[in-house]
Amino acid sequence: MYTAVVIILMVGVALGAPTAPSPCCAPDQWEGIIGQNIGYDQEGKAGVRKGYLTMSYDYTDRLLEVFTHLNDSGSGMEVNSNVIQNYKSGKQYVIQGQKCTMTDLPGMMQQQCIPKNATFQTSLYYGAGSSTLMANSFTFPRTGMTVDVSVTQDGCIPIGESIYGNINNYAFFEVLGFINVTTGIKDPSVFNIPSSCPHVTPQHPSHQFDGLLKYVSDKYRK
């Protein structure tokens, strides 16, 4: 289902725009579901990672919670895990089943904004007739990769995103589709740390994880 969602969400109808819109920022608090497909080649070993994420993003209180379900065709591995980041305490927690790993979370939380150096691509809409959603598309570079993103014209809500590049001999193309997005945080308890976590010995994920689980853990570290 989520594969279909990603494909549908990434298809829009381009419109001519007389004035290029400026880059924008997503709401400071939002939640949603993200369909994810990643094709990769890592030192000659190719594979596909696909699945979905549920995200609660709270820039106001500097909190992030992400549940990830991913399957990796290359390794045959499946991951179901939670990542909770608390930038006020400077800690990240990765929970997989009854296992919890706590790590330091250096730096400040980044607000989810399209960067100022982004290039406006086009205005577009999703849907047809009277049931349309107006959006803007931007592209911008990051270290070793290029990001293309579509957001709603009203509110800068993410709709679709593609990321491609090559980092440390890891070539990849990632497609994301955002659905069921709501502003605000319905239940702040999603950021609560499980009782098993405060007693775990802090270790960097690279000392415990490899493969797909390390990818999930590192993905949300800034």
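The values are calculated or read from the model by the stated rules, or taken from the named source; none is laboratory data. Every value quoted in this text rests on a predicted model; they were computed, and no experiment measured them. We place every Cβ from the backbone using ideal geometry, glycine too, and count neighbours over all the protein chains shown. Calculation scope for accessible area: heavy atoms of the full protein, side chains included, ligands and nucleic acids excluded. Shrake-Rupley method; radii C 1.70, N 1.55, O 1.52, S 1.80 Å.
The table for this structure:
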quantity: Where only alpha carbons of segment 29-164 are counted, the Rg and the Dmax (Å); calculated: 17.2, 50
quantity: Residue-span extension gain [Asn169 to Glu43] - 0.36 nm each, minus C-alpha spacing; calculated: 44.8 nm
quantity: With all protein chains modelled, accessible area of Tyr59 [1.4 Å, Å²]; calculated: 40
quantity: Point-to-point label distance, Thr182-Thr146, nm (Cα→Cβ direction, 7 Å offset); calculated: 3.8
quantity: In nm, spacing of pseudo-spin labels at Gln110 and Asn192 (7 Å Cα→C-beta vector); calculated: 3.1
